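Engineer: I am attaching a structure below and will ask some questions about it afterwards.
The values are calculated or read from the model by the stated rules, or taken from the named source; none is laboratory data. Note that the structure is predicted; figures quoted are calculated from it, not measured. Here Cβ is always computed from backbone atoms with ideal geometry, including for glycine, and neighbour counts include all displayed protein chains. Side chains are part of the model used for accessible areas, which takes the heavy atoms of the whole protein and leaves out ligands, DNA and RNA. Shrake-Rupley method; radii C 1.70, N 1.55, O 1.52, S 1.80 Å.
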Amino acid sequence: MEQDNLSYILHHMNEDGLPENAVSPPIFQTSIFCFPSFASFQEAITDELNHSLYTRGNNPTVTLAEQKIAALEGGERAKLVSSGVSAIAHSIMAFVRSGDHVVCVEDCYSWTRVLLASYLARFNVSATFVDGTDSDKVIAAFREETRVLYLESPTSLTFKLQDLPVLAGAARQRNIKTIIDNTWATPIFCNPISMGIDLVVHSGSKYLGGASDIIAGAIVGSKDDIDLIRKQEYLQFGTVADPFMAWLMIRGLRTLQIRMKAHYEGAMAVASYLEKHPKVENVLYPMLDSYSQKDLARRLYRGGSGLFSFNLKTRRLEDVIRFVDALKLFKRAVSWGGYESLIFPNAVKGGNPASAGISLVRLHVGLEAAEDLIGDLDNALRGIG
Ligand SMILES: *Cc1c(COP(=O)(O)O)cnc(C)c1O
């Protein structure tokens, strides 16, 4: 996206003429909207999608956030919802019915997998999970009854990429809806709709909010697809984006561009340090020259975010624990996308400690000075065998 346009969307779009010439848009913290007459009341109730009637439907603060996110992704419309998982669930459920089939990338976000592998099975919707790095394998998984191709690039924890233009084209030929989780790249670094993808979902709890203080989700797509989701899943399940959350997101968006630039620089510095370290086996950051899918990464992404994984050489759980506990700046937590650096060791999930993946550690590189973060890692790596 062009710089000027981006800055206009983030800072000015649809913000002229605010009450009292306020510079910050007001929070419409209201559940209902009143009408001066029967006729205007009736007009709103019979066309709820286009009127402020009730905040489970529309709210002006939420609408402003939606307009900005739609513009950032290059989609016609966006719907803000209460979480990333509700964005995922709504976008998939809107397009399937009993007997249908979904193709999904393996290593997708854990709750996406639960939805497709067990929850939707109750309604006789089946799913096949495929290695998304091989476009031929993905296409081979399509069946007569396949309605949705669900992508997440890069995948959670393992950072595997998919060839979005190729898969979008193949799915379109077969009338299969394509949905992608674009939380990692954000609209700053990747716009999947411009590559032919139908719907983009985000966990706004990550970079769109940017301060680890909201849970939010967004769905972006054509007016027809978003209107369908609003009429069906959104109004039905009531996963409402509340006005204060939307306001915090608008505030977060002001700095999205500069934050992502800083996360990218920080992650490159930390990842480059780690890949040279003798106690590190490999680093899974798509923007590194050493990355197995680096050419595809360059075609898809204008930059990378602050999230990546690496494998320690050790296979001993005690070593992993000692490393994790020695860190002072990287905080031990789930999630990511705020200003702070975080560590998520795969082994913290429990299970069989001898299994592969015990050495996998995910980092979120926040906005701290990269040399301080490298110093923290260096110290912690020194303590292990
Ligand atoms: C966090 C996350 C989600 C879920 O979002 P919530 O806002 O926590 O519901 C979905 N996809 C990815 C890639 C995530 O990291």
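Engineer: Can you figure out the FRET efficiency of Val166 with Met13, using R₀ = 30 Å and their beta-carbon distance, to the nearest 0.05?
Structural biologist: Computed FRET efficiency for Val166 and Met13 comes out at 0.40.
Engineer: Given the options Asp198, Asp325, Asp131, state which has the largest fluctuation in a GNM of the chain using a 10 Å cut-off (strictly under) for Cα springs.
Structural biologist: With Cα springs under 10 Å in the chain, the top fluctuation among Asp198, Asp325, Asp131 is at Asp325.
Engineer: Place +1 on the Cβ of every Lys and Arg and -1 on the Cβ of every Asp and Glu in the chain, take the dipole about the Cα centre, and give the residue among Gly357, Ile193, Ile69 whose Cα lies farthest towards its positive end.
Structural biologist: Gly357
Engineer: Then there's this: Mind telling me which of His263, His51, His364 comes out most flexible in a GNM of the chain, alpha-carbon contacts under 10 Å?
Structural biologist: His51
Engineer: Taking only DSSP H segments of four or more residues, each worth -39500 (n - 2.57), what value at 222 nm results for the chain once the sum is divided by all its residues, to the nearest 500 deg cm²/dmol?
Structural biologist: Dividing the helical sum by the residues of the chain leaves -10500 deg cm²/dmol.
Engineer: Lysine pairs in segment 3-253 with Cα distance under 27 Å, only those 8 or more apart or on different chains: how many are there?
Structural biologist: Counting lysine pairs in segment 3-253 gives 19.
Engineer: How big is the dipole moment of segment 256-381 about its Cα centre under a simple scheme where the beta carbon of each Lys and Arg is +1, that of each Asp and Glu is -1, and everything else is neutral? Debye, nearest 20, please. Each step should come with its number before you reach the end.
Structural biologist: Values: 17 positive and 14 negative charges, 82 e Å.
Dipole size: approximately 400 debye.
Engineer: Can you tell me which of Gln29, Gln257, Gln293 moves the most in a GNM of the chain? Springs connect C-alpha atoms under 10 Å apart.
Structural biologist: Gln29
Engineer: Sticking with this one: Round to the nearest 10 and give me the degree value, 0 to 90, for the angle of helix 60-73's Cα axis relative to the longest principal axis of the chain.
Structural biologist: Long axis of 60-73 versus the principal axis of the chain: about 50 degrees.
Engineer: Distance between Cα centroids, segment 95-127 to segment 265-283: provide it in whole Å.
Structural biologist: Here the answer is 35 Å between Cα centres.
Engineer: Follow-up question, since we're still on this one. How long is the chain along each principal axis, judged by its Cα atoms, biggest number first, in Å?
Structural biologist: In descending order, the Cα extents are 76, 54, 37 Å.
Engineer: Taking only protein heavy atoms into account and a 1.4 Å probe, give the accessible area per residue of the chain in Å². Intermediate values should be presented prior to the final figure.
Structural biologist: Details: 16890 Å² over 385 residues.
Normalised by residue count, the accessible surface of the chain is 44 Å².
Engineer: With charges set only on the Cβ (+1 for Lys and Arg, -1 for Asp and Glu), what does the dipole of segment 171-270 come to about its Cα centre, in debye to the nearest 20?
Structural biologist: 180
Engineer: Under a point-charge model restricted to the Cβ atoms of Lys and Arg (+1) and Asp and Glu (-1), what is the dipole moment magnitude of segment 141-213 relative to its Cα centre, in debye to the nearest 20?
Structural biologist: Around 160 debye, computed over segment 141-213.
Engineer: Roughly how many percent of the accessible protein surface of segment 172-242 is carbon and sulfur, given a 1.4 Å probe and a whole-percent answer?
Structural biologist: About 46 percent, which is the carbon plus sulfur part of the accessible surface.
Engineer: When a/c reaches 1.5 or more, the comparison of a/b and b/c decides; with that in mind, is segment 201-324 rounded, prolate or oblate per its Cα gyration tensor?
Structural biologist: prolate
Engineer: Between helix 84-93 and the chain, what is the angle of the helix's C-alpha long axis to the longest principal axis, kept within 0 to 90° and rounded to the nearest 10?
Structural biologist: Rounded to the nearest ten degrees, it is 60.
Engineer: With everything on Cα atoms, drop me the angle between helix 256-275 and the longest principal axis of the chain, reported from 0 to 90° to the nearest 10.
Structural biologist: 20
Engineer: Here's a follow-up. In whole percent, and with a 1.4 Å probe on the protein chains, what portion of the accessible area of segment 94-160 is carbon and sulfur?
Structural biologist: Working: 1460 of 3040 Å².
Carbon with sulfur: 48 percent of the solvent-accessible area.
Engineer: Taking only Cα atoms of segment 302-347, what ratio of Rg to Rh do you get with Rh as the Kirkwood inverse-distance radius?
Structural biologist: Rg divided by Rh gives 1.00.
Engineer: In segment 256-381, carbon and sulfur make up what percent of the accessible area (probe 1.4 Å)?
Structural biologist: Roughly 56 percent, rounded to a whole number.
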